[in-house]
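Single-structure report; data block below.
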Amino acid sequence: MRRPDLASAARRFAALGDPTRLQVFLLLSREPQSVAEIAQQTTVSRPAVSQHLKVLGDAGLVACEAAGTRNLYRPEADGVATLRDFIDSLWDVGLARFKAAAEAAAHSYRKEKA
């Protein structure tokens with residue numbers, strides 16, 4: 001597992017901290033979409049969707065690719081991986097602590113039985 005880049009993770013979590021941007025990101029996680037397609041599924045205008053996509057793009061969470069005459073937005077794999085690595089690192093710490101506590105309890109139990 002990669003070591004999480006805290007600055008990148010913080011920037012990406014901050015970008016997802018806005019409910020509308022989070023909604024846009026979730027829509028894109030289903031399939032690549034255009035600004036117009038995203039706007040149809042939200043309560044914000046196309047220009048507002050474009051601004052949210054810019055913030056997500058600047059944070060490294062979405063990428064844009066040309067598809068004929070339209071631009072389709074999709075999640076950026078490296079940006080999502082940074083978030084996942086950060087969350088996985090939290091689990092690693094928690095699981096290591098749980099393991100240590102379980103081993104200590106087992107050792108104590110064996111000591112009491114002896």
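The values are calculated or read from the model by the stated rules, or taken from the named source; none is laboratory data. These figures come from a predicted structure and were not determined experimentally. A quick note on method: Cβ atoms are made from the backbone with ideal geometry, for glycine too, and the neighbour counts reach across all protein chains shown. Keep in mind that these areas ignore ligands, DNA and RNA; they rest on the heavy atoms of the full protein, side chains included. Shrake-Rupley method; radii C 1.70, N 1.55, O 1.52, S 1.80 Å.
What the table shows:
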{"item": "Pairs where the first residue, in the range 82-103, is charged (D, E, K, R) and the second is surrounded by 10 or more Cβ atoms within 10 Å (Cβ to Cβ), C-beta under 7 Å, 6+ apart", "result": "Asp85/Arg2; Asp85/Pro4"}
{"item": "Selected residue [without any contact (Cβ under 8 Å) to a residue 60 or more places away in the chain and touching a Pro at 6+ places or on another chain (Cβ under 9 Å)] from Ala14, Ala77, Ala67", "result": "Ala67"}
{"item": "Matching residues in the range 39-54 - criterion: being closer than 23 Å to Ala81 by Cβ and buried (at least 18 other Cβ atoms within 10 Å of the Cβ)", "result": "His52, Leu53"}
{"item": "Matching residues, the range 55-83, being open to solvent by 30 Å² or more (accessible area, probe 1.4 Å) and assigned to a strand (DSSP E or B)", "result": "Cys64, Glu65, Ala66, Ala67, Arg70, Asn71, Tyr73, Arg74, Pro75"}
{"item": "Search result, residues across the range 1-26 that are modelled with pLDDT under 95, open to solvent by less than 60 Å² (accessible area, probe 1.4 Å) and outside any helix (DSSP H, G or I)", "result": "Pro4"}
{"item": "Residue in the range 32-44 that is in contact with a Leu (Cβ under 9 Å, 6 or more places away or on another chain), modelled with pLDDT of 95 or more and under 20 Å from Ala7 (Cα atoms) present", "result": "no"}
